[in-house]
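Chemist: This is the structure, below, for whatever I ask next.
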Amino acid sequence: MKKQIHFSVIGGDLRQGKLAELLAKDGHIVHTFGLERLPEPLSLPQASTLEQASAIADCIILPLPMCGENGLNLPFGETPCSLGQLITVLRPEQIICAGMVEATLSQSAVSRGLVIHDYFAREELAIANAIPTVEGAIGLAMEEMPITLHGANALVIGYGRLGKLLSSHLSALGAHVSVSARRYDDFAWINVYGFRPLHTAHLEDDLPSFDVIINTVPARVLDRRQLSLLSPGCLCIDLASRPGGIAFEAAAELGVKAIWALSLPGKVAPVTAGQAIRDTIYNILQELGVSL
């Protein structure tokens, strides 16, 4: 390392814990906050307060996603933290990195002279995250389905990064794969790879034929009416970030098994996910002129 950096890793899930360990292994000074209740405790210095965690750091790394239901995303933390409290302890001269930063929070940060670098908005991390997400989704399907994926009728909704990988992996396992999209160029690629193309806005006639449906689109694509058309036992997995693509309350009332599988990389492959975040943080630092 050309330069030793003082990092504070604040909050998040298992991947943030692995990230902290990887940064320390690279020779940096690392403190943590909001990771006190990890299943495997970290052998790293822990800041006693959010203020201390901020005060000692050159670079602050906040969670992915940054926001939880009641403030900063701290599922393994002992002390809740509001977003307002967080903003007040950060300093303009610090390098602040976070994942899935909400627009209102970015505006609040700007008003205090803060710049928050959204590492989840980076293409290299999105691609790296797609792999454990797809593997986790397929593992979940295998656990929850009473039949094999081989020979199953599968629908993938959306043909972005996740949709492309999912359709290929499901097909490799012997599933009969249909892919829904809205763009003509997506339909062309879906055809090229031998999948059955469907339009996301016109799924009703085909919905009863599927054994498993995996959504990747962060917008409502399966409402009550569409869910009511599914065959008994059809499994729905939603990989989309909030607000998600499935009407879960309606699914529960209709007896449809629907799983909202958020943050799969941190659950199924925290080491790989931590490495991907570390590499992305390093890319951001280098672009800002910090020698590593």
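The values are calculated or read from the model by the stated rules, or taken from the named source; none is laboratory data. Keep in mind it's a predicted model, so treat the numbers as computed, not measured. Cβ placement follows ideal geometry from the backbone for every residue including glycine, while neighbour counts extend to all protein chains displayed.
Chemist: Search the range 6-52 for residues being in a helix (DSSP H, G or I) and not hydrophobic (A, V, I, L, M, F, W, C), and hand back the single one that is farthest from Ser82 (Cα to Cα).
Modeler: The extreme case among them is Lys25.
Chemist: Can you tell me which residue among Ile87, Ile96 is more than 30 Å from Cys236 (Cβ to Cβ) and in contact with a Lys or Arg (Cβ under 8 Å, 6 or more places away or on another chain)?
Modeler: Result of the check over Ile87, Ile96: Ile87.
Chemist: A further question follows. Find the residue count for the range 229-264, including only residues that are of a type in the set (S, T, N, Q) and modelled with pLDDT of 95 or more.
Modeler: Residues in the range 229-264 being of a type in the set (S, T, N, Q) and modelled with pLDDT of 95 or more: 1 in total.
Chemist: Would you point out the residue of the range 141-161, among those that are surrounded by fewer than 23 Cβ atoms within 10 Å (Cβ to Cβ) and closer than 22 Å to Ala201 by Cβ, that is nearest to the chain's Cα centre (by Cα)?
Modeler: Applying the filter and picking the extreme gives Arg161.
Chemist: Here are the criteria: (1) more than 19 Å from Tyr159 (Cα to Cα); (2) of a type in the set (A, V, I, L, M, F, W, C); (3) modelled with pLDDT of 95 or more. Tell me which single one Val212 does not satisfy.
Modeler: (1)
Chemist: I would also like to ask the following. Restricting attention to helices (runs of 4 or more DSSP H) lying wholly within the range 68-159, give those where 3 or more residues are under 28 Å from His199 (Cα atoms) and not assigned by TED's automatic domain parsing to the domain that holds Gln46.
Modeler: 123-144
Chemist: For the range 72-112, enumerate the residues that are of a type in the set (D, E, K, R) and closer than 14 Å to Ala53 by Cα.
Modeler: The answer is Arg91, and nothing else.
Chemist: If you take the residues of the range 7-44 that are exposed (fewer than 14 other Cβ atoms within 10 Å of the Cβ) and either over 25 Å from the mean Cα position of the chain (by Cα) or of a type in the set (Phe, Trp, Tyr) (or both), which of them is farthest from Gly71 (Cα to Cα)?
Modeler: Filtering first and then ranking leaves Gly27.
Chemist: Could you tell me whether Leu22 is of a type in the set (A, V, I, L, M) and at pLDDT 95 or above?
Modeler: yes
Chemist: Taking the range 162-176 as the search range and keeping residues that are surrounded by fewer than 20 Cβ atoms within 10 Å (Cβ to Cβ) and among the small types (Gly, Ala, Ser), which one is nearest to Val217 (Cα to Cα)?
Modeler: Among those residues, the one meeting the criterion is Ser168.
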